[in-house]
Amino acid sequence: MNPVNYLYLAALLFTIGAAGVLIRRNAIVVFMCVELMLNACNLAFVTFARMHGNLDGQIIAFFTMVVAAAEVVIGLAIILTIFRSRHSASVDDASLLKL
Amino acid sequence: MTSTGEAVQFWVLAVVAVLGALATVLMRKAVHSALSLAGTMIVLAVFYLANGAYFLGIVQIVVYTGAVMMLFLFVVMLVGVTAADSLKETIRGQRLLAGLCVLGFGVLLGAGIANASLHRFDGLGQANAGGNVQGLAALIFTKYVFAFEITGALLITAAVGAMVLTHRERTERAATQRELAEARVRGGKQLPPLPAPGVYARHNAVDVPALLPDGTPAELSVNQTLRARGQVRDVSAEALADLAALEQRSEDRLERKGKKR
């Protein structure tokens, strides 16, 4: 098997995640799809690291994981705050600027 | 080129990963989405291990499926009460257009990978020779040490930010029990304690409302949260139907007895 297949899988997962971000309206599910996209990128990084025979790709994937963890903490806190004030987790309902 | 075993593993687990990802997007309930995503992440961890990223594979399981997804589930439990996703489109044609965009994007990505010259394949044998964790550590603490320090600052900021965002300052004193009782008397709506669930109904589960003398359910007897979720199980009609069936049966039997006479 050609290891390029891992890259195709990563592209497919990224695309599915992007579809979820565009289609879903529950903020939590949108957030999960963003996580899926980040994970797909990590898979690509790890595969590239293997292809090029050095560990730099794995380091980048590691930093992506750290940033994703921080992002999840803040994002979920924001979702909770919005839910408390608006009683809805739908991204359509957070439209304070709309008349 | 990789071994046959890895190819088999890839083709089996890739299907699982894609199915999990699709389920994440397509499942209506957020809890099901979260569990599908957790499955996909575990499969990705196996792929990391197969690609020689031993440290990342373990971190993927511990951090992603262990911490991040459980945090997601936690928030789903907190928020999910009214978070049922409606399938109604608010913007007309949005789903179709999104599908088209995503399809085009996927084709672009795939074409890009297909046209890239990715013939080089060194493998990690040399890089992992001194151990994967040791190799990563050597890179993190020399070449990437500045990024590593920034990461620490980022994590602290995130922790403080989460605490600030979810903290609620109590601006007034909490009402005492006596004040609550007085307010209730003044309001005059429901002076005695609320009725218990299941009274005179045929079940005594908490989601079954008590029945009033005329057989209609007493909504007040069910927990407010269950009412908000619409999880009240109304058995009053069922009970009446059962009663009617019982009467019918007894009448039938009596009739038969009458015929015998």
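The values are calculated or read from the model by the stated rules, or taken from the named source; none is laboratory data. Here the structure is a predicted model, which is why all the values come from computation and not from measurement. Ideal geometry is used to build each Cβ from the backbone, glycine not excepted, and the neighbour counts take in all protein chains shown. Just so you know, the surface numbers come from the protein's heavy atoms only, side chains and all, with ligands and any DNA or RNA stripped out. Shrake-Rupley method; radii C 1.70, N 1.55, O 1.52, S 1.80 Å.
A few points about this structure:
- Positive-end extreme of charge dipole, chain B - chosen from B:ASN51, B:LEU180, B:PHE105 (charges on Cβ): B:LEU180
- Expressed as a whole percent, the accessible area of the range B:1-154 that falls on carbon and sulfur atoms is 74 (1.4 Å probe).
- Between B:ASP122 and B:VAL16, the distance separating the two model label sites (each 7 Å from Cα on the Cα→Cβ line) works out to 3.1 nm.
- For the range B:194-260, accessible area per residue (1.4 Å probe, heavy atoms of protein chains only), Å²: 75 Å²
- The charge dipole of chain A, taken about its Cα centre with unit charges on the Cβ atoms of Lys, Arg (+1), Asp and Glu (-1) only, comes to about 240 debye.
- Rounded percent of accessible protein surface that carbon and sulfur make up, the range A:12-55, 1.4 Å probe: 83 percent
- A probe of 1.4 angstrom, applied to the heavy atoms of all protein chains, finds A:THR64 with accessible area near 30 square angstrom.
- Residues along the range B:138-153 losing 40 Å² or more of accessible surface when the other protein chains are present rather than the chain by itself (probe 1.4 Å): B:LEU139, B:ILE140, B:TYR144, B:THR151
- Listed residues B:ALA38, B:ALA23, B:ALA116, most fluctuating in chain B (Gaussian network, C-alpha, under 10 Å): B:ALA116
- Charged neighbours of B:LEU35, selected by a Cβ distance under 15 Å, balance to +1 (K, R count +1; D, E count -1).
- Accessible surface buried by the B/A pair amounts to about 7100 Å², both sides summed, 1.4 Å probe.
- With the charge dipole of the protein assembly as shown set up from +1 on Lys and Arg Cβ and -1 on Asp and Glu Cβ about the Cα centre, the Cα lying farthest toward the positive end among the listed residues B:HIS167, B:VAL79, A:MET51 is that of B:VAL79.
- Rounded to the nearest whole Hz, the Karplus-based 3J(HN,Hα) values (6.51 cos²θ - 1.76 cosθ + 1.60, θ = phi - 60°) of the range A:52-65 follow the sequence 8, x, 9, 9, 4, x, 5, 4, 4, 4, 4, 5, 4, 4, with x at glycine and proline.
- Mean separation of Cα contacts under 8 Å, 6 or more apart, over the residue count of chain B: relative contact order %: 10 percent
- Close amide H pairs (under 5 Å, H built 1.01 Å from N) link B:ALA218 with B:ALA210, B:LEU211, B:LEU212, residues at least 5 positions away or on another chain.
- Only Lys, Arg (+1) and Asp, Glu (-1) charged, at Cβ; the range B:194-260 dipole about Cα centre in debye: 360 debye
- In summary, the helical segments of chain B meeting the span-like criteria, namely a full DSSP H run, a Cα extent along the axis of 20 angstrom or more and a mean Kyte-Doolittle hydropathy of at least -1.0, are B:4-26, B:30-50, B:94-115, B:145-166.
- 15 Å beta-carbon shell around B:LEU124, net charge (K/R +1, D/E -1): -1
- Across peptide B:124-131, the average count of Cβ atoms from other chains found within 10 Å of a residue's Cβ is 3.
- Normalised contact order of the range B:1-81, rounded percent, pairs of Cα under 8 Å and 6 or more residues apart: 26 percent
- Ranking B:GLY66, B:ALA23, B:LEU211 by Cα position along the charge dipole of the protein assembly as shown, where only Lys, Arg, Asp and Glu carry charges on their C-beta atoms, puts B:LEU211 farthest toward the positive end.
- Contact order normalised by residue count of chain A, Cα under 8 Å, 6+ apart, percent: 27 percent
- Estimated FRET transfer efficiency (B:HIS32, B:ASN115; beta-carbon r; R0 51 Å; 0.05): 0.85
- Within the range B:1-16, the residues that become at least 50 Å² less accessible when every protein chain is included than when their own chain is isolated (1.4 Å probe; DNA, RNA and ligands ignored) are B:MET1, B:THR2, B:PHE10.
- Among A:LEU76, A:LEU38, A:LEU13: highest mean-square fluctuation, GNM of chain A, C-alpha pairs under 10 Å: A:LEU76
- Selected from A:ASN26, A:ASN42, A:ASN54 as most flexible by GNM, with chain A as the system and alpha-carbon contacts under 10 Å: A:ASN54
- Dividing the helix sum by the residues of the protein assembly as shown, where each DSSP H run of 4 or more adds -39500 (n - 2.57), gives a mean residue ellipticity at 222 nm of -22000 deg cm²/dmol.
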